[in-house]
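One structure is given here, and the rest of the page talks about it.
Every read-out reported here was derived from the displayed coordinates using simple, explicitly stated rules and does not represent laboratory data. What you are looking at is a predicted structure, and each value in this text was computed from that prediction instead of being measured.
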Amino acid sequence: MQGGVREREDLAEPLVAPCLVHLHLQSALGLAALSAALVAVPFAAAAVLGSGAAPALSRRLGPTALTAAALVLAGTALALVPLIGTGPGGRAALPVLAAGGAAFGVFTAAVFALVLAGVRGVAAGSVSGLLCPRPSNSAARSG
C-alpha cells in the first residue's frame, strides 16, 4: 500500500480458473508445461467461443441469469478437472474442459457487461482497467 492507495497486486485476480487447470495438470499429473498447455487447448478455444456467444445469449436470457448459469457451469466443470488423467480414459474428461472454458468465456464477458452497465461513461475506462488483470511486477519492485 502506497500513499493510502491499494496496489493492484493486492486485489484478487478474477482469472483464477485457467491457472487452477494448469496447476492441476502440472503438479498433480506431472505434465510438462507444453503438454499441459496442449491439454488445456479445449478450455482456451471454448472460452473464446463462449465470450463471442455471450452478447446473443445475454439478450435472450438476460445478463443476470446468464451470469449465474455460466458461473454454475464453470464451477461444476472446474470441480471435475481432477478427473482428467493420463491414462486412456483421461481424454474423456477433455469435453469437461471445453464446457468449462465455454462457461468461463460466457461468464467473464457477461459479468464485465453487467459491471460496466452500471458505470458512467467517464469512469468506464477506470472500471474496466480494474476488471482486467495485468502481470505482476512485484519482482521488478523488489529487485
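Using the Karplus relation 6.51 cos²θ - 1.76 cosθ + 1.60 with θ = phi - 60°, the per-residue 3J(HN,Hα) values for the stretch 43-50 come to 4, 5, 5, 5, 5, 5, 5, x Hz, with x marking Gly and Pro. When every Cα-Cα distance of the stretch 51-121 is counted in 10 angstrom steps from zero, the calculated P(r) takes the values 22, 41, 23, 11, 2, 0 percent.
Were the residues from SER35 through LEU49 laid out at 0.36 nm apart, the gain over their Cα-Cα distance would be 2.8 nm.
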